[in-house]
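The structure appears below as structure tokens.
The values are calculated or read from the model by the stated rules, or taken from the named source; none is laboratory data. Predicted model, so just to flag it, every value in this text is computed and none were measured. Ideal geometry is used to build each Cβ from the backbone, glycine not excepted, and the neighbour counts take in all protein chains shown.
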Amino acid sequence: GEDVEQSLFLSVREGDSSVINCTYTDSSSTYLYWYKQEPGAGLQLLTYIFSNMDMKQDQRLTVLLNKKDKHLSLRIADTQTGDSAIYFCAEGAINFNKFYFGSGTKLNVKP
Amino acid sequence: NAGVTQTPKFQVLKTGQSMTLQCAQDMNHNSMYWYRQDPGMGLRLIYYSASEGTTDKGEVPNGYNVSRLNKREFSLRLESAAPSQTSVYFCASRWETDNEQFFGPGTRLTVL
């Protein structure tokens, strides 16, 4: 399958910005996604970006895509303790019904 | 709307036993998926079903079978469980033209 790489842990203080990074290998991916998983729950889609876009902003979330370097990042502004969760990067092409997930970054927000 | 439901939530099996994991969605989605989640490895696609009556292999299909019983239900069967199948299993569904997959709460399976 395709490789999607993420760092395993990130720790920030409440009110700071968090930046979670991801690299991927499949240049044919149509969309790139960020999912959030809270303890004991399934994954929930946070946001996604089409592969021909550089940036997408959605309230406190900013997604940056560097297609040349195959690098995706998720910035969470004013991080809150409720943002503590595991964040997964994923790539996929919906027409092909194949989605590849990274191993997840555990975000710990300290009060 | 219950969304995507999975049963059971937890299961312990002995090596060689069989079991079926159930998944149902009430959102009238065509596409349904089974993933497994292992520590440090993210989610890997086992099987998917693009529509009622069709199923296709994903990244890690060995040791599993699936049935798309109708539009609502997609089950995953382990015929002879092995310790390597200890994992958390997630079912998901989506509209065929939409990006968002909706995930169930997961089944935590331990094979001794």
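Scoring A:S18 on the criteria (1) more than 9 Å from chain B (Cβ to nearest Cβ); (2) more than 26 Å from B:Y47 (Cβ to Cβ); (3) out of contact with any helix residue (DSSP H, G or I) (no Cβ under 9 Å at 6 or more places or on another chain) leaves a single failure, condition (3). Comparison of A:T105, A:T23, A:T62 shows that the only residue that is more than 22 Å from B:E59 (Cβ to Cβ) and either among the acidic types (D, E) or out of contact with any helix residue (DSSP H, G or I) (no Cβ under 7 Å at 6 or more places or on another chain) (or both) is A:T62.
Looking across B:L21, B:L78, one residue alone is more than 10 Å from chain A (Cβ to nearest Cβ), crowded, with 17+ Cβ neighbours inside 10 Å and touching a helix residue (DSSP H, G or I) at 6+ places or on another chain (Cβ under 8 Å). It is B:L78. Applying the condition of being surrounded by fewer than 17 Cβ atoms within 10 Å (Cβ to Cβ) and part of a helix (DSSP H, G or I) to the stretch B:81-112 and asking which residue is farthest from the other protein chains (Cβ to nearest Cβ) yields B:P83.
Here B:G42 qualifies as out of contact with any His (no Cβ under 8 Å at 6 or more places or on another chain) and either within 17 Å of B:G3 (Cα to Cα) or free of Cβ contacts under 8 Å to residues at least 24 places away in the same chain (or both).
B:Q37 falls short on exactly one of the conditions (1) touching a Ser or Thr at 6+ places or on another chain (Cβ under 8 Å); (2) of a type outside the set (K, R); (3) part of a loop (DSSP other than H, G, I, E, B); (4) within 11 Å of chain A (Cβ to nearest Cβ), and that condition is (3). For the stretch B:33-48, filtered to residues that are at pLDDT below 95 and over 14 Å from A:N97 (Cα atoms), the residue that is surrounded by the most Cβ atoms within 10 Å (Cβ to Cβ) is B:L43. Among residues of the stretch B:54-81 that are among the small types (G, A, S), those with a beta-carbon under 7 Å from a residue that is modelled with pLDDT of 95 or more and in a loop (DSSP other than H, G, I, E, B) at least six positions away or on a different chain give the pairs B:G63/B:A82; B:S80/B:G16; B:S80/B:S18; B:A81/B:T15; B:A81/B:G16; B:A81/B:Q17; B:A81/B:S18. State whether the residues of the stretch A:95-102 include one that is out of contact with any Pro (no Cβ under 6 Å at 6 or more places or on another chain), buried (at least 20 other Cβ atoms within 10 Å of the Cβ) and away from chain B (no Cβ under 14 Å). No, every residue in the stretch A:95-102 fails to be out of contact with any Pro (no Cβ under 6 Å at 6 or more places or on another chain), buried (at least 20 other Cβ atoms within 10 Å of the Cβ) and away from chain B (no Cβ under 14 Å).
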